[in-house]
Amino acid sequence: MQHDTVLRQRTEVLVNDYVRSVYNWMAIGLVLTGVVAWYTANSVALQRLIYGNSLILIALIVGQLALVFSLSGWINRMSAGTATGLFILYSGLTGLTLSFIFLIYTSASIVRTFFICGATFFAVSIYGWTTKRDLTSLGGFLMMGLFGIIIASVVNMFVASSTMTKVVTYIGVFVFIGLTAYDTQKLKHMALTQPADVDGAVIRKGAILGALSLYLDFINLFLMLLRIFGQRRD
């Protein structure tokens, strides 16, 4: 009985440490992205470098995609330090490419939307963690919705339809709300099923992967909400 109690307490500590690490790294990524985006938007030289040369902007976007795929697909082959460094690098690059929001929207509306997104994300994360409903089947449906959003967005770059933009935006909000709940539940499952004697480096890599998933959910939800609540500059 005492052995079971000790084991349960040890498991609870590991779960709490793992979850805390995930959200800490997610927060670090978001803060870094915000600081880099704000600094870039206030630097004429960086604006000219990024938005004055389409090749630079394309290279940044391709670099972001490469980092996401590398972390998602090959993180088990990396050291914990490499995975952490790539996540930090990705957060910084995202800040460079998202600096445009400070040029298009007012600072007040950006801050307001950030808090709306934060509150929504927090509430949905609690649901994802506490619900007893298995969201696994929902994940496949949401991924289909995500691919649909990407395809529709690419098509709309050529069509330039305001109606399609609104439809994609509102669908996107629901998709990323759903993905937040799904990824949170997946995070809970990972935390509860990790062995008690798991290596610290493995925990760090798992935390980075979890932080990346939630970071992507937050950023994309924020951008969708910004289209709705953002106030454009005159």
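Summary table
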quantity: Output for the range 56-86, where each listed residue is surrounded by fewer than 14 Cβ atoms within 10 Å (Cβ to Cβ) and not in a helix (DSSP H, G or I); calculated: SER79
quantity: Test: residue in the range 148-167 that is in contact (Cβ under 8 Å) with a residue 12 or more places away in the chain and farther than 26 Å from GLY230 by Cβ; calculated: no
quantity: Conditions (1) surrounded by 14 or more Cβ atoms within 10 Å (Cβ to Cβ); (2) closer than 29 Å to ALA201 by Cβ; (3) at pLDDT 90 or above; number of the one not met by LEU46; calculated: (2)
quantity: Out of LEU142, LEU146, LEU187, LEU179, sole residue that is surrounded by fewer than 19 Cβ atoms within 10 Å (Cβ to Cβ) and part of a helix (DSSP H, G or I); calculated: LEU146
quantity: Residue match in the range 151-169 (condition: within 21 Å of the chain's Cα centre (by Cα), part of a helix (DSSP H, G or I) and buried (at least 21 other Cβ atoms within 10 Å of the Cβ)); calculated: yes
quantity: Looking only at the range 118-139, and only at residues there that are among the aromatic types (Phe, Trp, Tyr) and over 18 Å from ARG227 (Cα atoms), the one that is surrounded by the most Cβ atoms within 10 Å (Cβ to Cβ); calculated: TYR127
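The values are calculated or read from the model by the stated rules, or taken from the named source; none is laboratory data. Note that this is a predicted model, so its numbers are computed, not measured. Glycine also receives a Cβ, built like all others from the backbone with ideal geometry; neighbour counts cover every protein chain displayed.
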